[in-house]
Amino acid sequence: MREYPHGQEGNGDVDSGPLLAGVSLSATTVTPGAARAWGDTRLAEPLRFGGEFLGMGITVGDEKRYALGVLPVGDAFLVWSKTAPLWRTRPPDQSFDPVAPFWWRLPLHAISLMLIALIWLPFRRVPHDHDSRRRLRV
């Protein structure tokens with residue numbers, strides 16, 4: 001999530017942290033919870049899924065940590081985001097425009113498949129010529 005609206009620029013502060021191309025990582029982390037609380041699943045779901053993918057979550061025992069547990073404050077932000085209470089009363093009627101296209105998960109899945117292939121390729125067993133000749137004689 002951008003710290004400032006399009007067309008405006010500024011610096012990060014203690015709450016936003018450093019800005020990367022105008023994007024606040026802390027705001028991006030808590031936005032899915034705020035969107036979910038308002039009933040905007042079209043925004044909440046892509047951000048939640050992206051956070052799970054990019055956050056490199058690891059589970060050890062009954063604890064899940066993101067960014068390999070290096071940033072505990074990020075974990076705290078994610079806990080709030082995932083447990084933010086929904087409105088007890090019905091939120092105001094609002095129609096939210098889609099934020100992400102219907103195919104938004106495809107690039108993330110493609111990246112995952114490429115990484116799996118890169119890891120798998122060195123371990124695949126390539127039959128040698130003498131192995132194939134031995135099978136033919138049997």
task = Take region 70-87 and flag every residue that is in contact (Cβ under 8 Å) with a residue 24 or more places away in the chain and surrounded by 16 or more Cβ atoms within 10 Å (Cβ to Cβ).
result = GLY74, PHE77, LEU78, SER81, ALA84
key: Single condition LEU108 does not satisfy, out of (1) in contact with a Phe, Trp or Tyr (Cβ under 9 Å, 6 or more places away or on another chain); (2) under 22 Å from GLU3 (Cα atoms); (3) at pLDDT 80 or above   = (2)
inquiry  = Given the options PHE123, PHE102, PHE49, name the one that is aromatic (Phe, Trp, Tyr), surrounded by fewer than 10 Cβ atoms within 10 Å (Cβ to Cβ), at pLDDT 75 or above and within 21 Å of the chain's Cα centre (by Cα).
reply    = PHE102
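The values are calculated or read from the model by the stated rules, or taken from the named source; none is laboratory data. All values reported here derive from a predicted model rather than from experimental measurement. Backbone-built Cβ (ideal geometry, glycine too); neighbour counts: all protein chains shown.
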